[in-house]
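Only one structure is covered here, and it is reproduced in the block below.
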Amino acid sequence: VPEPGVLADHQTRIYVEGAAGRLPALPLDHDELERRAEARLDRGAFGYVAGGAGAEDTMRANRDAFRRWRIVPRMLRDVSHRDLRTEVCGTAMPAPVLLAPVGVQSIVHPEAELAVARGAAAVGVPMVLSSASSRSMEEVAAALDGCPRWFQLYWPGDPELTASLLARAERAGYGAVVVTLDVWMLGWRPRDLQLAYLPFLRGEGMANYLSDPVFRAALDAPPEEDMAGAVRHFLRVFSDPSTTWDRLARLRQSTRLPILLKGILHPDDARRAADHGVDGIIVSNHGGRQVDGAVAALDALPAVVDAVPQSLPVLFDSGIRTAADAFTALALGARAVLLGRPYVWALAVGGEAGVAELLRNLLAELDLTVALTGHTRLEEIGREALTRAG
Ligand SMILES: Cc1cc2nc3c(=O)[nH]c(=O)nc-3n(C[C@H](O)[C@H](O)[C@H](O)COP(=O)(O)O)c2cc1C
């Protein structure tokens, strides 16, 4: 992790550059960034990233939930020196922010996950690589250089394939496994259905599988000769909806990496996860892409935090757009937050440089928010920093 320096200095650099006639390349407002991405992407790709399940009620609720909290800044505390660095599951990071796993980035940018990896590495923000990436985990690891990374697993029914993917992740220097629990099947996504758009059917987002010896050995013909057969096999093996808690013990034995469970929303599931000895939990509803009508992720966070021992890190995603959002989730007990759609829009608009710029903006804004609310370290930020909006 590069020395973060003073994260807020990025703000000064923007003004100084502007004085020399160079304005920021990337829109600073999220919705404007999304609109700029929309103008660049084809309809299918834009809808795939922007869309959610059903009437997209949960997707909206994820963002609305933040509006029901307000931060209460405190005054006259020495905030001249801040340190936002933290460590989660053995991974050090410049601030409590990671890139959420997002599959098939080739639909957004030709360099896909490699561009994101280079952008993340420029800032030192850890990347969680999706199982369903367009580039293999080994290629992405090389692009990340020394930047920390975790591997997200769509948990296959086949223990051999699972073990093979996890062994590769270990060898390629991934520091933890994020097991996603909310996609045993795809949610009902009207935007994608309307265009009958599913990138996997065209063989996109399968790089980790097509390069896997166990996956390949199960095919009648190599994917280079029969992509349709490989796609059929992928759709069969990528997850197993009959999976229950008892399979966690076996998963635990397949890797020495820390295991985090992603998609937990109920405190009883959180307790169960803790009882099964996992190393972390990610409160998430997959950005509202799976169950329309599901609880907003932020509304689920406090009860999950309260349900598990303090030593068990609870992370958060689904709706983080600004530093205020990140601060609110941290104040409600998240140890770190994962950024999703915003970095995909930055990738679409600005490639590698766009991702780096977005992250520098977010980290600078977070540093300023921490300072201006009277804090200097993450440990000081708790629920007393918030009040319910009137
Ligand atoms: C286009 C897209 C693809 C995604 N792919 C994955 C994936 O492969 N694995 C996974 O665990 N989550 C995936 N997610 C969910 C994200 O990790 C994260 O939970 C979600 O984006 C958070 O919502 P937000 O982006 O609205 O903040 C995906 C999300 C989007 C938008």
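The values are calculated or read from the model by the stated rules, or taken from the named source; none is laboratory data. Note that the structure is a prediction, hence the values are computed from the model and not measured. All Cβ positions, glycine included, derive from the backbone under ideal geometry; neighbour counts span all protein chains shown.
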Among the residues listed as Val1, Val72, Val88, Val97, the single one being touching a strand residue (DSSP E or B) at 6+ places or on another chain (Cβ under 7 Å) and modelled with pLDDT under 95: Val1
Filtered residue count, the range 166-200, keeping only those that are under 22 Å from Glu87 (Cα atoms) and touching a strand residue (DSSP E or B) at 6+ places or on another chain (Cβ under 6 Å): 8
Restricting the range 110-144 to residues that are without any contact (Cβ under 8 Å) to a residue 60 or more places away in the chain and in contact with a Cys (Cβ under 9 Å, 6 or more places away or on another chain), the residue that is farthest from Arg341 (Cα to Cα): Ala121
Residue in the range 43-75 that is surrounded by the most Cβ atoms within 10 Å (Cβ to Cβ), counting only those that are within 10 Å of the ligand (Cβ to nearest atom) and in a loop (DSSP other than H, G, I, E, B): Gly52
Restricting the range 85-111 to residues that are β-branched (Val, Ile, Thr) and at negative phi, the residue that is nearest to the ligand (Cβ to nearest atom): Val102
Which numbered condition Val183 misses (of (1) assigned to a helix (DSSP H, G or I); (2) crowded, with 19+ Cβ neighbours inside 10 Å): (1)
Of all residues in the range 280-302 being under 17 Å from the mean Cα position of the chain (by Cα) and free of Cβ contacts under 8 Å to residues at least 60 places away in the same chain, the one that is nearest to the ligand (Cβ to nearest atom): Val283
Number of positions in the range 210-269 that are crowded, with 18+ Cβ neighbours inside 10 Å, in contact with a Phe, Trp or Tyr (Cβ under 8 Å, 6 or more places away or on another chain) and part of a loop (DSSP other than H, G, I, E, B): 3
Pairs with Cβ under 9 Å, 6+ apart, first in the range 146-160 and polar (S, T, N, Q), second assigned to a strand (DSSP E or B): Gln152/Val128; Gln152/Leu129; Gln152/Val177; Gln152/Val178; Gln152/Val179; Gln152/Thr180; Gln152/Lys262
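From the list Val72, Val88, pick out the single residue that is within 20 Å of Ile320 (Cα to Cα) and over 23 Å from the mean Cα position of the chain (by Cα).
Details: Val88 fails: over 23 Å from the mean Cα position of the chain (by Cα).
Checking each option against the conditions leaves just Val72.
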Meets criteria (within 14 Å of the ligand (Cβ to nearest atom) and either hydrophobic (A, V, I, L, M, F, W, C) or in a loop (DSSP other than H, G, I, E, B) (or both)) for Leu114: no
Residue in the range 193-203 that is of a type in the set (A, V, I, L, M, F, W, C), under 29 Å from Ser318 (Cβ atoms) and away from the ligand (no atom under 16 Å from the Cβ) present: yes
Residue satisfying all of: in the range 119-143; within 28 Å of Leu201 (Cα to Cα) and part of a helix (DSSP H, G or I); farthest from the ligand (Cβ to nearest atom) among these: Ala142
Residue in the range 303-313 that is within 13 Å of the ligand (Cβ to nearest atom) and within 24 Å of Asp57 (Cα to Cα) present: no
Given (1) in a helix (DSSP H, G or I); (2) farther than 24 Å from Leu165 by Cα; (3) without any contact (Cβ under 8 Å) to a residue 12 or more places away in the chain, index of the condition Arg272 fails: (3)
First in the range 375-390 and in contact (Cβ under 8 Å) with a residue 60 or more places away in the chain, second anywhere and of a type in the set (S, T, N, Q), Cβ under 7 Å, 6 or more apart: Leu378/Thr86; Ala385/Thr373; Leu386/Thr328
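Look at Ala167 and say whether it is part of a helix (DSSP H, G or I) and either surrounded by fewer than 22 Cβ atoms within 10 Å (Cβ to Cβ) or over 16 Å from the mean Cα position of the chain (by Cα) (or both). Write out each step before concluding.
Numbers: part of a helix (DSSP H, G or I): yes; either surrounded by fewer than 22 Cβ atoms within 10 Å (Cβ to Cβ) or over 16 Å from the mean Cα position of the chain (by Cα) (or both): yes.
When the stated conditions are applied, Ala167 passes them.
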Test set (1) within 16 Å of the ligand (Cβ to nearest atom); (2) part of a helix (DSSP H, G or I); (3) surrounded by 13 or more Cβ atoms within 10 Å (Cβ to Cβ); (4) not aliphatic (A, V, I, L, M) - Arg36 fails condition number: (1)
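Looking for something in contact with a helix residue (DSSP H, G or I) (Cβ under 7 Å, 6 or more places away or on another chain) and within 30 Å of Ala172 (Cβ to Cβ) - is there at least one such residue anywhere in the range 62-76?
no
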